[in-house]
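No value in this document is a laboratory result; all are computed from the given coordinates. Keep in mind it's a predicted model, so treat the numbers as computed, not measured. FYI the Cβ positions are ideal-geometry reconstructions off the backbone, even for glycines, and counts take in every protein chain you see.
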Amino acid sequence: MDIQDKIKQQVTDNRIVLYMKGTPEAPMCGFSAAAVQILEACGVDEVATVNVLDDPDVRQGIKEFSNWPTIPQLYVGGEFVGGADIMREMFASGELSELLQRG
């Protein structure tokens, strides 16, 4: 399985996936920490997280998969939502909570 297939499987097998630097318990950058805090503030319990620092192929592959240059990246229902700044904006408007509570 190539890296693009692996990523596609991750985002389709899990309703919510966050590609981040580090883990929710120990984020390795401020943007990843912010993404985790936003998801927690939305009351999300089940989030599949992928630490891109563990696998350089995933770290590069996710950027190509989404055509988005930065990490973290949030996927909901197999669709790319955005990075930390977009998550922050969507959270402020209430749009992110609504999206995460659907389905």
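Points worth noting:
- Scan of the range 85-96 for residues that are buried (at least 16 other Cβ atoms within 10 Å of the Cβ) and either outside any helix (DSSP H, G or I) or not aliphatic (A, V, I, L, M) (or both), ordered by number: 88, 91
- Test: residue in the range 64-84 that is in a helix (DSSP H, G or I), without any contact (Cβ under 8 Å) to a residue 12 or more places away in the chain and either in contact with a Cys (Cβ under 6 Å, 6 or more places away or on another chain) or of a type outside the set (Asp, Glu) (or both): no
- Only one of 80, 65, 31 that is farther than 16 Å from residue 12 by Cβ and among the aromatic types (Phe, Trp, Tyr): 31
For every residue, the table says whether it meets (1) in contact (Cβ under 8 Å) with a residue 24 or more places away in the chain; (2) among the hydroxyl-bearing types (Ser, Thr, Tyr); (3) in a helix (DSSP H, G or I); (4) touching a helix residue (DSSP H, G or I) at 6+ places or on another chain (Cβ under 6 Å).
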{"position": "1", "(1), (2), (3), (4)": "no, no, no, no"}
{"position": "11", "(1), (2), (3), (4)": "yes, no, yes, no"}
{"position": "45", "(1), (2), (3), (4)": "no, no, no, no"}
{"position": "49", "(1), (2), (3), (4)": "yes, yes, no, no"}
